[in-house]
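Remarks on the structure that follows.
The values are calculated or read from the model by the stated rules, or taken from the named source; none is laboratory data. Every value quoted in this text rests on a predicted model; they were computed, and no experiment measured them. Please note: Cβ atoms are built from the backbone with ideal geometry, for glycine as well, and neighbour counts cover all protein chains shown. Remember, those area values only see protein heavy atoms, side chains included, never the ligands or the DNA or RNA. Shrake-Rupley method; radii C 1.70, N 1.55, O 1.52, S 1.80 Å.
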Amino acid sequence: MRDAFNHDTSDHMSGFWKLIPRGKSTKKFREVDIGDINPFGEGTAAHLRVGALHLKPGDFLRYVYDFGDWIEHRIIFESIGALEEGKTYPRIVEQNKPRYEYCVDCGRKGKQTVATWICIECSDKRQKDILLCESCLDENHAEHWAEEI
């Protein structure tokens with residue numbers, strides 16, 4: 001999962017929950033704790049395999065990376081396919097394209113540049129995230145406290 005979502009594979013805890021819809025709702029779920037995995041490959045779900053979860057198409061999982069920042073992903077189990085010879089498992093068969101956020105300073109100039117930094121100092125003052133590209137960070141926020149996205 002860490003590879004699929006481009007998360008650091010040597011840091012932070014991860015956790016899994018099966019989401020069971022309440023009635024016909026697609027927004028309200030009962031959560032069943034599956035377990036957690038630490039960066040050293042240990043934890044209550046470390047040796048659990050997806051096949052052991054008895055998932056069927058349409059089932060949902062919640063995957064959380066980094067319990068401090070709580071980076072949450074909802075995973076929909078879409079299908080069960082035949083094993084392919086010569087392939088290693090588990091494997092990533094498809095990924096969504098990331099949703100990029102754009103630099104606010106470039107946006108004011110009519111440009112659309114992917115933001116790679118957040119100016120913490122300006123975000124606190126304005127009560128919203130001020131996202132910047134590297135050029136605008138260097139040009140307009142060089143003395144500010146910023147963190148890479």
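Restricting attention to the stretch 1-35, the residues that are surrounded by 14 or more Cβ atoms within 10 Å (Cβ to Cβ) and over 17 Å from Val64 (Cβ atoms) add up to 1. Just so you know, in the stretch 129-139 the residues that are within 17 Å of Glu101 (Cβ to Cβ) and touching a helix residue (DSSP H, G or I) at 6+ places or on another chain (Cβ under 9 Å) include one that is most open to solvent (accessible area, probe 1.4 Å), and it is Asp129.
Specify which of the listed residues (Asp69, Asp105, Asp11) is of a type in the set (Asp, Glu) and in contact with a helix residue (DSSP H, G or I) (Cβ under 9 Å, 6 or more places away or on another chain).
Working: Asp69 fails: in contact with a helix residue (DSSP H, G or I) (Cβ under 9 Å, 6 or more places away or on another chain); Asp11 fails: in contact with a helix residue (DSSP H, G or I) (Cβ under 9 Å, 6 or more places away or on another chain).
Of Asp69, Asp105, Asp11, the one residue that is of a type in the set (Asp, Glu) and in contact with a helix residue (DSSP H, G or I) (Cβ under 9 Å, 6 or more places away or on another chain) is Asp105.
Scanning the stretch 35-64 for residues that are small (Gly, Ala, Ser) and free of Cβ contacts under 8 Å to residues at least 12 places away in the same chain yields Gly41, Ala46, Gly51, Ala52. Residues in the stretch 51-100 that are of a type in the set (Val, Ile, Thr), part of a strand (DSSP E or B) and more than 11 Å from the chain's Cα centre (by Cα): Ile76 alone.
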